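Quick note: the coordinates plus some simple rules give every number you see, no bench work behind them. What you see is a predicted model; the values in this text were computed from it and never measured. Backbone-built Cβ (ideal geometry, glycine too); neighbour counts: all protein chains shown.
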Amino acid sequence: MSGNLHRPRHYHRGLQRVFYISALMNIRYDPNSRIFYEPKRSEGKRHVQAVLALARRRVNVLWALIRDRRLYEVIPPPVTASP
């Protein structure tokens, strides 16, 4: 492998918006994203800050998939037993 494999530090504004909206929708429809979002809110982060953290995480995951030349696999969240 050759070339720059590091994630860029500055982003295209349009792509930032796309990832933000993607994260916003995934909080509603993806249980894994919801599991990431809820602890951020309980840490005291505002809604926008928690969504931005999720968007940043999604960028990092996407970048790692591209770097490692892998496909994204959805892993269902763990099922907790109810008494």
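What the table shows:
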| quantity | calculated |
| --- | --- |
| Filter result (under 19 Å from Ile75 (Cβ atoms) and buried (at least 17 other Cβ atoms within 10 Å of the Cβ)) within segment 35-57 | Phe36, Tyr37, Leu54 |
| Matching residues in segment 41-71 - criterion: being assigned to a helix (DSSP H, G or I) and acidic (Asp, Glu) | Asp68 |
| Options Val79, Val74: the member that is assigned to a loop (DSSP other than H, G, I, E, B), loosely packed, with under 13 Cβ neighbours inside 10 Å and touching a residue at least 12 places away in the same chain (Cβ under 8 Å) | Val74 |
| Of all residues in segment 43-83 being small (Gly, Ala, Ser) and within 14 Å of Ile27 (Cβ to Cβ), the one that is nearest to the chain's Cα centre (by Cα) | Ala55 |
| Options Ala23, Ala64, Ala50; residue that is closer than 20 Å to Arg9 by Cβ, of a type in the set (Gly, Ala, Ser) and in contact (Cβ under 8 Å) with a residue 12 or more places away in the chain | Ala23 |
| Test: Arg17 is of a type in the set (D, E, K, R), closer than 28 Å to Val79 by Cβ and in a helix (DSSP H, G or I) | no |
